[in-house]
Amino acid sequence: MTNTTPVGAYRGAGRPEATAAVERAIDLFAAEIGRDPAEVRALNLLPAFTAPHTTAFGAVYDSGDYPAALAKALDAAGYADLREEQAKRRAAGDVIQLGIGLSCYVEITGPGAEEGGPRENATVEVHPDGSATILTGTSPHGQGHVTVWAMLASDELGIPIDKITVKWGDTDLVPEGGGTGGSRSLQQGGAAVQQASRELIDVARERAASSLEVSPADLVFDASNSGFVVVGDPDVSVSLARLAERERLFVRAVFRAQGATFPFGAHVAVVEVDTETGKVVLRRVVTIDDAGTVINPLLAEGQRHGGIAQGAAQAFLEEVVYDADGNPLTASFADYPFLSAAEVPSFELADMATPTSYNPIGAKGIGEAGTIGSTPAVQNAIIDALAPLGVRHIDMPASPQRVWQALQAASLAGDPPS
């Protein structure tokens with residue numbers, strides 16, 4: 001029995017911790033054999049693949065190029081120069097030591113137990129005034145669904161984004177839907193919007209052919225005018241809006257994904273650690289977060305920035321603490337530390353995109369990647385800074401108190417290794 005608080009799913013839902021366990025083991029192994037942590041990782045990554053790959057444990061990865069992700073992250077960080085600077089500080093015995101931490105991760109997004117594969121629905125309707133409405137089974141929590149769903153429909157229908165309305169969460173309009181979770185939204189909900197838009201064009205083509213008294217094969221959809229024109233006679237045309245005047249023009253589509261997708265990436269974290277006080281300062285985080293095709297780079301970068309900050313905070317700050325009687329000691333933000341903009345640098349986001357074949361967009365999930373990769377990278381960086389002083393491991397969060405205690409324990413254990 002316990003009177004401590006229950007635990008619920010957060011960003012990444014257990015994967016930052018699982019990845020941290022693996023990445024710490026790799027760093028410990030590298031230290032034992034005297035090899036660079038980056039080299040050990042590179043030697044153990046699967047080669048690039050574009051067709052689904054079944055791992056030794058039975059997971060089916062859709063696509064990936066893990067060696068390229070690590071190489072790009074190391075190059076973007078200037079890894080060799082960082083190690084050179086670190087060596088100089090160690091040789092000089094600086095109080096402020098430099099730590100460089102790495103992590104490589106593969107995560108699963110868009111999983112589902114539905115028969116026939118994960119699914120999501122969307123309805124797209126064009127109105128007589130030339131505007132459109134999208135009904136989606138997803139539920140945005142600030143990720144920007146309205147923008148991206150409108151972008152997808154606009155690309156297919158030729159209707160300006162500002163004339164497209166996206167609605168969700170109203171069970172009178174959308175009786176079912178999978179909501180948001182597991183970084184599924186674009187690859188399933190967005191794909192459903194794209195599918196509905198394309199199917200609407202098919203429906204409209206038949207109506208346009210009847211209206212213009214031509215064969216459907218003689219019609220070409222002109223997105224610039226959001227309408228159909230007759231091949232060889234561009235003066236004969238009809239718009240989607242005009243077709244919607246005569247009869248309601250809408251399509252509801254259900255997209256079924258081939259399966260879950262597996263985004264991946266590599267993170268490099270750089271910290272400075274005060275060996276007298278245990279204070280850690282996060283100097284840089286350089287990341288590759290490959291989520292396949294990106295529709296809106298600004299939104300994707302926002303997801304990465306938020307995730308990196310959360311993962312870094314978990315690595316060296318956030319902890320719920322209780323006293324011996326089970327009373328919470330960190331029950332408010334006066335006692336529970338977390339990162340603010342003042343404690344994080346401007347993250348360096350390198351680009352890489354390996355599309356998936358599991359949806360027509362080629363998209364994988366991006367919502368949790370930053371958290372999964374940054375947590376072990378920051379933890380590894382802190383420990384790396386203290387390795388010459390005999391510190392082999394520090395549990396998360398590597399708070400100043402824990403760092404200082406680890407340094408004292410290493411000092412009492414004897415001289416640090418040469």
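The values are calculated or read from the model by the stated rules, or taken from the named source; none is laboratory data. Remember, predicted model here, so these are calculated numbers, not experimental data. Cβ coordinates were reconstructed from backbone atoms using ideal geometry, including for glycine residues, and neighbour counts include every protein chain displayed. Ligands, DNA and RNA are stripped out before the accessible areas are found, and what is left, the full protein with its side chains, is counted by its heavy atoms. Shrake-Rupley method; radii C 1.70, N 1.55, O 1.52, S 1.80 Å.
Taking Ile382 as the residue in question, decide whether it is open to solvent by less than 40 Å² (accessible area, probe 1.4 Å) and under 19 Å from Arg15 (Cβ atoms). In short, no.
Go through Val391, Val344, Val403 for me and flag whichever is touching a strand residue (DSSP E or B) at 6+ places or on another chain (Cβ under 7 Å), modelled with pLDDT of 95 or more and not small (Gly, Ala, Ser). Working first, answer last.
On the way: Val391 fails: touching a strand residue (DSSP E or B) at 6+ places or on another chain (Cβ under 7 Å); Val344 fails: modelled with pLDDT of 95 or more.
Only one candidate qualifies: Val403.
If only residues of segment 61-85 that are in contact with a strand residue (DSSP E or B) (Cβ under 6 Å, 6 or more places away or on another chain), open to solvent by less than 30 Å² (accessible area, probe 1.4 Å) and hydrophobic (A, V, I, L, M, F, W, C) are counted, the one that is farthest from Ala353 (Cα to Cα) is Leu82.
The requirement of being touching a helix residue (DSSP H, G or I) at 6+ places or on another chain (Cβ under 8 Å), surrounded by 12 or more Cβ atoms within 10 Å (Cβ to Cβ) and either at pLDDT below 95 or of a type outside the set (D, E, K, R) (or both) is satisfied by Ala42. Is at least one residue of segment 72-94 assigned to a loop (DSSP other than H, G, I, E, B), touching a helix residue (DSSP H, G or I) at 6+ places or on another chain (Cβ under 7 Å), more than 17 Å from Val268 (Cα to Cα) and modelled with pLDDT of 95 or more? The answer is no; no qualifying residue exists. Residue-level check: of (1) free of Cβ contacts under 8 Å to residues at least 24 places away in the same chain; (2) β-branched (Val, Ile, Thr); (3) closer than 30 Å to Thr147 by Cβ, Thr133 misses just (1). Can you name every residue in segment 324-380 that is at positive phi and hydrophobic (A, V, I, L, M, F, W, C)? Result: no residue meets the conditions. Of the residues in segment 156-176, at least one is surrounded by 17 or more Cβ atoms within 10 Å (Cβ to Cβ), under 29 Å from Ala9 (Cβ atoms) and of a type in the set (A, V, I, L, M). Of the residues making up segment 17-39, those that are surrounded by 12 or more Cβ atoms within 10 Å (Cβ to Cβ) and either out of contact with any strand residue (DSSP E or B) (no Cβ under 9 Å at 6 or more places or on another chain) or of a type in the set (S, T, N, Q) (or both) number 10.
Tell me whether segment 315-332 contains one or more residues that are open to solvent by less than 10 Å² (accessible area, probe 1.4 Å) and either in contact with a helix residue (DSSP H, G or I) (Cβ under 9 Å, 6 or more places away or on another chain) or not in a helix (DSSP H, G or I) (or both). Give the steps one after another, and end with the answer.
So in segment 315-332, the residues open to solvent by less than 10 Å² (accessible area, probe 1.4 Å) come out as 315.
In the following step, the residues that additionally are either in contact with a helix residue (DSSP H, G or I) (Cβ under 9 Å, 6 or more places away or on another chain) or not in a helix (DSSP H, G or I) (or both) were identified as 315.
For segment 315-332, residues open to solvent by less than 10 Å² (accessible area, probe 1.4 Å) and either in contact with a helix residue (DSSP H, G or I) (Cβ under 9 Å, 6 or more places away or on another chain) or not in a helix (DSSP H, G or I) (or both): present.
Count of segment 37-52 residues, restricted to those that are farther than 12 Å from Tyr66 by Cβ, among the aliphatic types (A, V, I, L, M) and part of a loop (DSSP other than H, G, I, E, B), is 1.
Give, as residue ranges, the strands (runs of 3 or more DSSP E) completely inside segment 96-149 that count at least 3 residues that are open to solvent by 10 Å² or more (accessible area, probe 1.4 Å).
On the way: elements: 96-106, 119-126, 132-136.
Counting at least 3 such residues, we get 96-106, 119-126.
Among the residues of segment 345-364, are any outside any loop (DSSP other than H, G, I, E, B), farther than 17 Å from Leu74 by Cα and open to solvent by less than 10 Å² (accessible area, probe 1.4 Å)? Checking segment 345-364: at least one residue is outside any loop (DSSP other than H, G, I, E, B), farther than 17 Å from Leu74 by Cα and open to solvent by less than 10 Å² (accessible area, probe 1.4 Å).
Among the residues that make up segment 286-306, is at least one of them in contact with an Asp or Glu (Cβ under 6 Å, 6 or more places away or on another chain), buried (at least 16 other Cβ atoms within 10 Å of the Cβ) and not small (Gly, Ala, Ser)? Among the residues of segment 286-306, at least one is in contact with an Asp or Glu (Cβ under 6 Å, 6 or more places away or on another chain), buried (at least 16 other Cβ atoms within 10 Å of the Cβ) and not small (Gly, Ala, Ser), which makes the answer yes.
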